[in-house]
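Engineer: Pasting a structure here, questions to come.
The values are calculated or read from the model by the stated rules, or taken from the named source; none is laboratory data. The structure displayed is predicted, hence computed values, not measured ones. Heads up, the Cβs are rebuilt from the backbone with ideal geometry, glycines too, and the neighbour counts pull from every protein chain shown.
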Amino acid sequence: MRRLEGWDAADRADGTAFPRRLRQVPPETGRFLALVAAGSPAGEWIEIGTSGGYSALWLSLACRAVDRRLTTYENDERKLTIARETFRHAGVDDVVTLVAADARRRLGDHDGISFCFLDALKEHYLEYYELVVPRLVPGGILVADNVLSHEDELAPFVRRVLADERVDAMVLPLDRGELVCRRQSNTQAG
């Protein structure tokens, strides 16, 4: 984590496009994700948008605490290379599976998702959401990043989620904004 935080700090300090710019979540968001994931019901954990692996490292701590595994999706080759090295260096291969694919093509492989972190291309958020929610177990949680920092771009997505009767949802003003939704127990999947 410190190595990725260092890269991010260097990018912010000089204001240039740092060669390894990963746009990772801040540490406070990482802690929040680990806390929420650890409290999720039994089921699969999914991350959509691995980047360099920073949020997955936070989630790996929760995985170990509650005996779960995380499947994380990334399709950018540069980020995949960094994430592979990050996971090898951190020794989390026992709880984190990195999949080199567009999650939209693979989410059908998952049923019984209890936790999902969404931090990918913003123009696909709604599509990811519509693929994940029917696969969430009752009480399952989806967290979407950047809903305040990308407020204009993500406004239709946020409106859709807040109006969706399948979930209870709210926007938390943590860091760049986290939309948190929980699958209601009284709704049918699909």
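Engineer: Scan the stretch 39-62 and tell me whether some residue there is among the β-branched types (V, I, T), farther than 21 Å from R183 by Cα and not in a loop (DSSP other than H, G, I, E, B).
Structural biologist: No, that holds for no residue.
Engineer: Any residue in the stretch 68-96 that is within 15 Å of S55 (Cα to Cα) and touching a residue at least 24 places away in the same chain (Cβ under 8 Å) sitting within a Cβ distance under 7 Å of a residue that is surrounded by fewer than 20 Cβ atoms within 10 Å (Cβ to Cβ) and small (G, A, S)? List the pairs, counting only those 6 or more apart or interchain.
Structural biologist: Y73/A101; E74/A100; L80/A100
Engineer: May I pose another question? Return the pairs, sorted by first residue and then second, in which the second residue is among the polar types (S, T, N, Q) and at pLDDT 95 or above, the first residue lies in the stretch 41-61 and is at positive phi and surrounded by fewer than 22 Cβ atoms within 10 Å (Cβ to Cβ), the beta carbons are less than 6 Å apart, and the residues are 6+ apart or on different chains.
Structural biologist: G43/S114
Engineer: Among the numbered criteria (1) closer than 21 Å to R135 by Cβ; (2) surrounded by 17 or more Cβ atoms within 10 Å (Cβ to Cβ), which single criterion is violated by R160?
Structural biologist: (2)
Engineer: Which pairs have Cβ atoms under 6 Å, sit 6 or more apart or on different chains, and link a residue in the stretch 143-156 that is in contact (Cβ under 8 Å) with a residue 12 or more places away in the chain and on the phi > 0 side of the Ramachandran plot to one that is surrounded by fewer than 23 Cβ atoms within 10 Å (Cβ to Cβ) and not aromatic (F, W, Y)?
Structural biologist: Once the first residue is in contact (Cβ under 8 Å) with a residue 12 or more places away in the chain and on the phi > 0 side of the Ramachandran plot and sits in the stretch 143-156, its partners that are surrounded by fewer than 23 Cβ atoms within 10 Å (Cβ to Cβ) and not aromatic (F, W, Y) give N146/R176.
Engineer: Run T72 past the list (1) assigned to a helix (DSSP H, G or I); (2) modelled with pLDDT of 95 or more and report the number of the one that doesn't hold.
Structural biologist: Result: T72 fails condition (1) only.
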